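First comes the structure, then the notes that go with it.
The values are calculated or read from the model by the stated rules, or taken from the named source; none is laboratory data. Just so it is clear, the structure is predicted and the values come from calculations on it, not from any experiment. Cβ placement follows ideal geometry from the backbone for every residue including glycine, while neighbour counts extend to all protein chains displayed. Please note that ligands, DNA and RNA were not included when accessible areas were found on the heavy atoms of the full protein model with its side chains. Shrake-Rupley method; radii C 1.70, N 1.55, O 1.52, S 1.80 Å.
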Amino acid sequence: GAPPPGGPEHAFVLPYLRRAVDDGTLRPGEAAVVEEVCARLPHLSGPAEPPARLHGDLWNGNVLWADDGRAWLIDPAAHGGHRESDLAMLHLFGCPHLDAVVEGYQSVAPLAAGWHYRVGLHQLFPLLVHTVLFGRGYAEQTLSTARAVLRG
């Protein structure tokens, strides 16, 4: 799993970036924007936090909604990481009632100021994994997300 941004996340992101370039899914010139994000992680990642226990693969397909409205999480890939990562995954792949999920999270463990600006930063790792696995469509999304992260 990916450790918190601001730490050695680039050690996990860059191998996927290299693989995407080596496979021809990303062009070498396009990789520079992701490399720049990695170089600027300490300035982009927000305040330092201790690692949190993450689901690790929290997308809509791993959230089951019961008839009573309760949510059940399945198929975890649990690891320690930055707590904004799971929420970024829910934003990336969509989740019913996402506003209520975030509101509930905030009521129990408020996120650091500006967390919503860091959503794209936390999406880069899963986007690169999907780029390697599924191709150019995710490469385009990875590049646009990396550019947005740099713009702030």
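See the values below:
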{"quantity": "Evaluation of residue 53 against (1) under 16 Å from the mean Cα position of the chain (by Cα); (2) of a type in the set (D, E, K, R); (3) part of a helix (DSSP H, G or I) (one fails), failing number", "calculated": "(3)"}
{"quantity": "Residue in segment 98-106 that is under 17 Å from residue 62 (Cα atoms), open to solvent by less than 50 Å² (accessible area, probe 1.4 Å), touching a strand residue (DSSP E or B) at 6+ places or on another chain (Cβ under 6 Å) and of a type outside the set (Phe, Trp, Tyr) present", "calculated": "no"}
{"quantity": "Segment 37-62 residues that are hydrophobic (A, V, I, L, M, F, W, C), paired with ones that are open to solvent by 30 Å² or more (accessible area, probe 1.4 Å) (beta carbon under 6 Å, 6 or more apart)", "calculated": "38/10; 41/6; 52/83; 54/79; 59/93"}
{"quantity": "Test: residue in segment 67-82 that is crowded, with 16+ Cβ neighbours inside 10 Å, within 20 Å of residue 53 (Cα to Cα) and either within 10 Å of the chain's Cα centre (by Cα) or modelled with pLDDT of 95 or more (or both)", "calculated": "yes"}
{"quantity": "Selection count, segment 28-53, where residues are of a type in the set (A, V, I, L, M, F, W, C) and open to solvent by 20 Å² or more (accessible area, probe 1.4 Å)", "calculated": "6"}
{"quantity": "Residue 111 assigned to a loop (DSSP other than H, G, I, E, B), of a type outside the set (Val, Ile, Thr) and at pLDDT 95 or above", "calculated": "yes"}
{"quantity": "Subset of segment 15-36 [in contact (Cβ under 8 Å) with a residue 60 or more places away in the chain and assigned to a helix (DSSP H, G or I)]", "calculated": "16, 17, 19, 20, 30, 33, 34, 36"}
{"quantity": "Residue count for segment 127-142, restricted to those that are out of contact with any helix residue (DSSP H, G or I) (no Cβ under 6 Å at 6 or more places or on another chain) and either open to solvent by less than 20 Å² (accessible area, probe 1.4 Å) or aromatic (Phe, Trp, Tyr) (or both)", "calculated": "2"}
{"quantity": "Condition check for residue 35: closer than 30 Å to residue 18 by Cβ and more than 15 Å from the chain's Cα centre (by Cα)", "calculated": "yes"}
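Quick grid of which residues meet (1) modelled with pLDDT under 95; (2) of a type in the set (Gly, Ala, Ser):
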{"site": "88", "(1), (2)": "no, yes"}
{"site": "94", "(1), (2)": "yes, yes"}
{"site": "104", "(1), (2)": "yes, yes"}
{"site": "119", "(1), (2)": "no, no"}
{"site": "130", "(1), (2)": "no, no"}
{"site": "133", "(1), (2)": "no, no"}
{"site": "141", "(1), (2)": "no, no"}
{"site": "147", "(1), (2)": "no, no"}
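Residue-wise test of (1) within 21 Å of residue 29 (Cα to Cα); (2) in a helix (DSSP H, G or I); (3) under 16 Å from the mean Cα position of the chain (by Cα).
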| position | (1), (2), (3) |
| --- | --- |
| 87 | no, yes, yes |
| 90 | no, yes, yes |
| 99 | no, yes, no |
| 102 | no, yes, yes |
| 107 | no, yes, no |
| 120 | yes, yes, yes |
| 125 | yes, yes, yes |
| 145 | yes, yes, yes |
